[in-house]
Protein chains: 2
Amino acid sequence: MSEFARPTLDDVARAAGVSTATVSRCLNSPNQVIPATRQRVMEAVQSLGYTPDFGGRALASRRTNTVGAIIPTMENAIFARGLQSFQEALTKAGKTLLVASSGYDPAREREQMEALISRGADGLLLIGSARPEASIEYLRRRGVPYIGAWNLGGPDGYFVGFDNAAAAAKLTEMVIAKGHQRIAMIGGISDMNDRAAARILGVRQTIAAAGIGDGSLRVIEAPYAFQNGADAFGALMETSPRPTVVMCGNDVLAVGALQKAREMGLRVPQDVSITGFDDIDISAVVDPGLTTVRVPHRRMGEAAAEMLLRLINKETVERQVEIPTAIIERGTLGPPPAA
Amino acid sequence: MSEFARPTLDDVARAAGVSTATVSRCLNSPNQVIPATRQRVMEAVQSLGYTPDFGGRALASRRTNTVGAIIPTMENAIFARGLQSFQEALTKAGKTLLVASSGYDPAREREQMEALISRGADGLLLIGSARPEASIEYLRRRGVPYIGAWNLGGPDGYFVGFDNAAAAAKLTEMVIAKGHQRIAMIGGISDMNDRAAARILGVRQTIAAAGIGDGSLRVIEAPYAFQNGADAFGALMETSPRPTVVMCGNDVLAVGALQKAREMGLRVPQDVSITGFDDIDISAVVDPGLTTVRVPHRRMGEAAAEMLLRLINKETVERQVEIPTAIIERGTLGPPPAA
């Protein structure tokens, strides 16, 4: 079997030392196979990255005109705008987009890869690059083109994204230039989320390089939801001395923090400054408007579609397309209150 | 062919008066078939509702454990929360959800039905009931269970939703009880959107029944986007006499209207009142908070999953599950300004 060929039923049978009929039975009527055999077969299925598909060889020779995307969540508007423009570009190219969401769970993401690929997806859009090596290996073995977006990745993959750490660093430099010395952060959960991890890193490194305070950064990590932003903000405001600015890993957390500040009777930015990340619609709607990092989601979605279509068509493609970000100054970042 | 059996390649060949090989060629290599024959075959494909699928008979006998959802848009948070809870319930039942979005276009919705069903979806979630009869006919012929959500429908289908017209009527009664006589509305595009149409109807009928003004209602219809709400609000404020309240077909339009009011130096609700619909997260975040209709999205998503799973498993199911809505009073609705 060559490195990129899709494993066949024969490959599984050979690896497990059983007939192809037994492999089929394991997949279709597992109760009719004795457990020891079943386990041997399922291990072979797993290690080879075999996915039973509907059409077998038929699929290998023709395009299904379907593209899959697996995003971490459909809640909030974090991925919505980018995905919408991705879809619009695909539609123009005659492709149908099917979307699955993983709940930030690598095991679910892997299941959804299998679901989409076994249903003949011509290519996949994934978010970021943080996932178990086995998932990547699975995609490679199946020979399905895929790209990562919302971040840039290692030299191995194809990415359309932006430098999360550099953008966070630039915003932190602006925060420091305003005179802030006591900086705290509400970050996303960094485990298996390279975007969240990079944003925290960018803030942390900039503070350390500037020699602010003792160079350390207080970070609370929380899933992206308004209430979590509010709770974490409340907890940070109980520390002494209080931070003069709370930098948030995304706009959802920042808007939650802003609501909590209002509830606590703190004026933003006179009493405390808050920053966001993403520039989703809501950040221009709140009062005062959020100072945040603008991610050109529509542009990223279009560029991702273009890259994935080129890969599917076996055209030459750049490995990394970096989309520039910008800081949007609205009203939530000001100088620290006079001591 | 019985009414609910899936049409086969043979059925298409018979209907078109050609061989099955010719039908295959039309579907796979249309350029190799002369136009007249191709047209006859494609008409048979169309009228029978035949979709080539990957696996043919294999699919008929086994579940793929995939459920499809086709929603009008992934932008904004209108469908996000309901879809998320729908997905969570499906995941517990071992199903993978694949989502497609139609851009409120019935032709696109139909293409996506075909994409999902030909890839073996066990069942489909659709939004509302407004779609061409041919799309419904297509689903019936394929024998794929489907339900509508976000609205209640006719006696023929299965629905988990709420009474959009009744909820809008109730909110209008509250608006009238506050003393408003000059009511205007920014509605969603009502064509092929039964939810938008029902909300407008509910407002219009309540005003007519109360004999307010001349019983007519000024409505501007606009796609759901902040900027459209802002623009429509600006246009309504130029009419004379000005409306004292602008009722919006959803929260996205209402938040846009609220921003425009702020821009124009109008105080809400002292100078003009604004109402929304949906109670998406953002409506509690704006200042003042939106007075709106709360749709229990999470509950609806769960109930939709339960109904669809029962249909897939051929268990008995109620045809309509109505989810109650409630009015949430925040700060944007007050009495009209003194004349």
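Before moving on, here are some points about what is shown:
- Top-ranked residue of the range A:63-96 - restricted to ones that are out of contact with any Gly (no Cβ under 9 Å at 6 or more places or on another chain) and in a helix (DSSP H, G or I), ranked as surrounded by the most Cβ atoms within 10 Å (Cβ to Cβ): A:L90
- Residue list for the range A:156-200, filter: of a type in the set (A, V, I, L, M, F, W, C), outside any helix (DSSP H, G or I) and within 16 Å of the chain's Cα centre (by Cα): A:F159, A:V160, A:F162, A:I189, A:M192
- Qualifying residue in the range A:92-113 (condition: more than 7 Å from chain B (Cβ to nearest Cβ) and among the β-branched types (V, I, T)): no
- Per-region count, the range A:94-117, residues touching a residue at least 40 places away in the same chain (Cβ under 8 Å) and within 12 Å of A:T66 (Cβ to Cβ): 3
- Checked across the range B:129-136, the condition of being crowded, with 24+ Cβ neighbours inside 10 Å and over 24 Å from B:L258 (Cβ atoms) holds for no residue.
- Test: residue in the range A:68-77 that is at pLDDT 85 or above and more than 12 Å from chain B (Cβ to nearest Cβ): no
- Long-range neighbours under 7 Å by Cβ, at least six apart or interchain, first residue within 13 Å of A:R81 (Cα to Cα) and surrounded by fewer than 24 Cβ atoms within 10 Å (Cβ to Cβ) within the range A:300-312, second hydroxyl-bearing (S, T, Y) and modelled with pLDDT under 95: A:E302/A:S85
- Restricting A:R25, A:R14, A:R38 to those that are of a type outside the set (G, A, S), modelled with pLDDT of 80 or more, not assigned by TED's automatic domain parsing to the domain that holds A:L139 and not in a loop (DSSP other than H, G, I, E, B) reduces the list to A:R14.
- Enumeration of residues in the range B:141-154 that are out of contact with any Phe, Trp or Tyr (no Cβ under 6 Å at 6 or more places or on another chain) and modelled with pLDDT of 90 or more: B:V144, B:P145, B:Y146, B:A149, B:W150, B:N151
- Conditions (1) at pLDDT below 95; (2) touching a Leu at 6+ places or on another chain (Cβ under 8 Å): number failed by B:Q227: (2)
- Residue check for B:E315: surrounded by fewer than 16 Cβ atoms within 10 Å (Cβ to Cβ) and within 14 Å of chain A (Cβ to nearest Cβ): no
- Number of positions in the range B:119-151 that are farther than 19 Å from B:S85 by Cα and in contact (Cβ under 8 Å) with a residue 60 or more places away in the chain: 12
- Subset of the range A:242-263 (residues that are free of Cβ contacts under 8 Å to residues at least 60 places away in the same chain and within 18 Å of A:R218 (Cβ to Cβ)): A:G256, A:K260, A:A261
- Positions within the range A:243-257 being under 15 Å from A:A184 (Cβ atoms) and surrounded by 24 or more Cβ atoms within 10 Å (Cβ to Cβ), in sequence order: A:V245, A:V246, A:M247, A:C248, A:G249, A:L253, A:A254, A:G256, A:A257
- Note on the range B:318-336: among residues that are surrounded by 15 or more Cβ atoms within 10 Å (Cβ to Cβ) and more than 23 Å from the chain's Cα centre (by Cα), the one that is farthest from A:A257 (Cα to Cα) is B:P336.
- Among the residues listed as A:E315, A:E306, the single one being farther than 17 Å from A:L152 by Cβ and not assigned by TED's automatic domain parsing to the domain that holds A:A168: A:E315
- The requirement of being buried (at least 16 other Cβ atoms within 10 Å of the Cβ) and within 30 Å of B:G120 (Cα to Cα) is fulfilled somewhere in the range B:287-297, by at least one residue.
- For the range A:258-285, the tally of residues that are over 22 Å from the mean Cα position of the chain (by Cα), within 11 Å of chain B (Cβ to nearest Cβ) and crowded, with 24+ Cβ neighbours inside 10 Å stands at 1.
Matching residues to (1) surrounded by fewer than 24 Cβ atoms within 10 Å (Cβ to Cβ); (2) assigned by TED's automatic domain parsing to the domain that holds A:I274; (3) closer than 23 Å to A:G249 by Cα:
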residue: A:E109; (1), (2), (3): yes, no, yes
residue: A:G143; (1), (2), (3): yes, no, no
residue: A:E173; (1), (2), (3): yes, yes, yes
residue: A:V203; (1), (2), (3): no, yes, yes
residue: A:I212; (1), (2), (3): yes, yes, yes
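- The condition of being out of contact with any Lys or Arg (no Cβ under 6 Å at 6 or more places or on another chain), farther than 18 Å from A:L97 by Cα and not assigned by TED's automatic domain parsing to the domain that holds B:F226 holds for only one of B:L98, B:L90, that being B:L90.
- Within the range A:262-298, the set of residues being assigned to a helix (DSSP H, G or I) and of a type outside the set (S, T, N, Q) comprises A:R262, A:E263, A:I282, A:A284, A:V285, A:H297, A:R298.
- Hey, B:A168 crowded, with 20+ Cβ neighbours inside 10 Å, touching a helix residue (DSSP H, G or I) at 6+ places or on another chain (Cβ under 6 Å) and in the same structural domain as B:M113 (by TED's automatic domain parsing) or not: no
- The criterion of being in contact with a Phe, Trp or Tyr (Cβ under 8 Å, 6 or more places away or on another chain), away from chain A (no Cβ under 12 Å), at negative phi and of a type in the set (V, I, T) holds for B:I127.
- Of residues in the range B:201-222 being without any contact (Cβ under 8 Å) to a residue 24 or more places away in the chain and not in a loop (DSSP other than H, G, I, E, B), the one nearest to B:N76 (Cα to Cα): B:R204
- Some residue of the range A:55-62 being over 19 Å from A:L308 (Cβ atoms), in a loop (DSSP other than H, G, I, E, B), within 7 Å of chain B (Cβ to nearest Cβ) and at pLDDT below 90: yes
The values are calculated or read from the model by the stated rules, or taken from the named source; none is laboratory data. Just so you know, these numbers come straight off a predicted model, no measurement behind them. Cβ coordinates were reconstructed from backbone atoms using ideal geometry, including for glycine residues, and neighbour counts include every protein chain displayed.
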